[in-house]
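Comments concern the structure below.
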Amino acid sequence: MKGITLPAIFVSMLLPAIGLQAQFPGDGTRSRQENTNRPTLEGFAEVPWEATYAQVREKFLSLATNPDSGEKVEIVNEDKERSLLIRRNGIFYVYRFYSTPKLVLDSRPKQKQPQTNPPPANEEEDHTDPGKLFSVGISFRYLPGKDVQDKLENKYGKPKKETLDEKKIGGAVLWELTNEKEVPPKGGFVVQWKEAFKKQPFTRRVDYFSSKLKFQIEKEYKEFFSAEEIKTLRDLIP
């Protein structure tokens, strides 16, 4: 498969950044009510989860070409329907998109009612639906891990989990900001990555993810490895 394959999604979910001398970028969290409810992560900044690649690209293209926006925005790199790398006010953001692989769609039972105007088939494409935003990352210079964690805790409360290596330097800190009353849960989660720098825990990336699309990706990841066999059986036994 071209571009980001399903296995690669789970191997390389990296990147985000926050300047400690300023507020965190708006990330779509709902405000707390009298500090009794945890916020939920409905997207990142002004962009909601499941926004299409075209919508997000158009948004940043408009900002980049608007002389009155007051921001310096540049689309640094783009992989259609898969990712956008944005430099915004000197900070790098990677917007990641997901669509169900064509192989998985082909392995599923066919709908009885044909589409009125089906899109033209393209054998070179491994995805057919528009990419939907499922993750945003920010990359930045090394910052003390504790300072970044304190800033995140001030915004989201105590993390759900923290895993560190034997030296208590490298690892990850997880905040889960979801509405678990719904299945799959709405909202998202945040991951702060820590790594050794000058023998101390430092951070240079933080990731934001959609819980709903994470659930979908995990489900379709399992389908992906049996899709070819299922499709073959269906073709043999109509």
Response to the item:
Across (1) under 21 Å from the mean Cα position of the chain (by Cα); (2) on the phi < 0 side of the Ramachandran plot; (3) modelled with pLDDT of 90 or more; (4) outside any loop (DSSP other than H, G, I, E, B), PRO201 clears everything bar (1)
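Inside segment 196-212, can you point out the residues that are in contact with a strand residue (DSSP E or B) (Cβ under 9 Å, 6 or more places away or on another chain) and surrounded by fewer than 16 Cβ atoms within 10 Å (Cβ to Cβ)? Even if it seems obvious, please write down each step before you answer.
Let us first name the residues in segment 196-212 that are in contact with a strand residue (DSSP E or B) (Cβ under 9 Å, 6 or more places away or on another chain), namely 196-198, 200-212.
ALA196, LYS198, GLN200, listed by residue number.
Checking the condition at pLDDT 95 or above, open to solvent by 30 Å² or more (accessible area, probe 1.4 Å), touching a helix residue (DSSP H, G or I) at 6+ places or on another chain (Cβ under 9 Å) and not in a loop (DSSP other than H, G, I, E, B), which residue from GLU176, GLU78, GLU162 passes?
Details: GLU176 fails: at pLDDT 95 or above; GLU162 fails: at pLDDT 95 or above.
Step by step, each of GLU176, GLU78, GLU162 is checked, and only GLU78 is at pLDDT 95 or above, open to solvent by 30 Å² or more (accessible area, probe 1.4 Å), touching a helix residue (DSSP H, G or I) at 6+ places or on another chain (Cβ under 9 Å) and not in a loop (DSSP other than H, G, I, E, B).
Could you list, in sequence order, all residues of segment 132-164 that are of a type in the set (S, T, N, Q) and within 20 Å of LEU177 (Cβ to Cβ)? If you could, list the steps in order and put the result at the bottom.
Step one: list which residues in segment 132-164 are of a type in the set (S, T, N, Q), which gives 135, 139, 149, 154, 163.
Across segment 132-164, the qualifying residues are SER135, GLN149, ASN154, THR163.
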Worksheet item: Residues of segment 59-75 being open to solvent by 50 Å² or more (accessible area, probe 1.4 Å) and touching a helix residue (DSSP H, G or I) at 6+ places or on another chain (Cβ under 9 Å), which ones?
Response: GLU71, LYS72, GLU74
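The values are calculated or read from the model by the stated rules, or taken from the named source; none is laboratory data. As the structure is a prediction and not an experimental result, all values here were calculated from the model. Here the Cβ is made from the backbone with ideal geometry for all residues, glycine too, and neighbour counts use every protein chain on show. Ligands, DNA and RNA are excluded from the accessible area calculation, which covers all protein heavy atoms including side chains. Shrake-Rupley method; radii C 1.70, N 1.55, O 1.52, S 1.80 Å.
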